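Presented below is the structure to which this report refers.
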Amino acid sequence: MLEQIELPLQYKIGNEKIDEQHTQLFIILMDMAKLIKNDAKKNEKQIEEEMNILLSSLRSYTQGHFQYEERHMEKMKYPDFENHKNMHKAFVDKIFDIQKNALKQKKEKILVLREMASYLKDWLMNHILQEDKKYCLYEKELTQQLISENKMKAQSPT
Ligand SMILES: [Fe+2]
């Protein structure tokens, strides 16, 4: 069961569903940070088990979230859609690469988790603040445009 946290205001994009999904990703990040902080109290096996749970949550949450966001952008015919979709793909690929390299190099689990948490943190913050806010702004402008077009239609004589 995931706990509830409040997303810092600057990370809210104003779409309730997407803000909620971003919150879940921040919760996963916080859980990763907790595991890293308490690693000395746990053995390699426990760390591996907890890490696997966190990684599968991360995979399923990002998959669902990216799909939702992409459908949302497609619906409003967002011009930068392809580019944004590629950034989502690059994220998924990077997480996969970290895992693949870790297995190949037989890296210590906690080091892999540190690498992932640091990548997730930077990615989430930059992506939300820059890229997600861009489509959000586009959506606002689109809504404004539709409102003024409708007003004009209502005012013009038939
Ligand atoms: Fe996004």
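A few notes on this one:
- Counting only aspartates and glutamates at least 8 places from Lys77 when in the same chain, those with an alpha carbon closer than 14 Å to its own are Glu69, Glu139, Glu141.
- Set of lysines with alpha-carbon distance to Lys104 below 21 Å, sequence-local pairs under 8 removed: Lys45, Lys94
- The rule of thumb for compact globular proteins, 2.2 N^0.38 Å, goes into the C-alpha radius of gyration of the chain 1.31 times.
- Across the cross-link table entries Lys17/Lys109; Lys100/Lys121; Lys42/Lys85, which are compared at the Cα atoms, the separations over 26 Å belong to Lys17/Lys109; Lys42/Lys85.
- Placing +1 on each Lys and Arg Cβ and -1 on each Asp and Glu Cβ, with no other charges, gives region 17-143 a dipole about its Cα centre of roughly 380 debye.
- At R0 = 30 Å, FRET efficiency that the Cβ-Cβ distance of Arg59 and Gln145 yields, to 0.05: 0.20
- With contacts taken as Cα pairs under 8 Å at a separation of at least 6 residues, the chain carries a relative contact order of 30 percent.
- Helical runs (DSSP H, four residues minimum) scored at -39500 (n - 2.57) apiece and divided by the length of the chain put the mean residue ellipticity at 222 nm at -27000 deg cm²/dmol.
- Cα pair count fraction exceeding 22 Å, expressed as % - region 1-78: 35
A short reminder: the numbers here are calculations on the coordinates, not readings from a lab. This is a predicted model, so every value here is computed, not measured. Please note: Cβ atoms are built from the backbone with ideal geometry, for glycine as well, and neighbour counts cover all protein chains shown.
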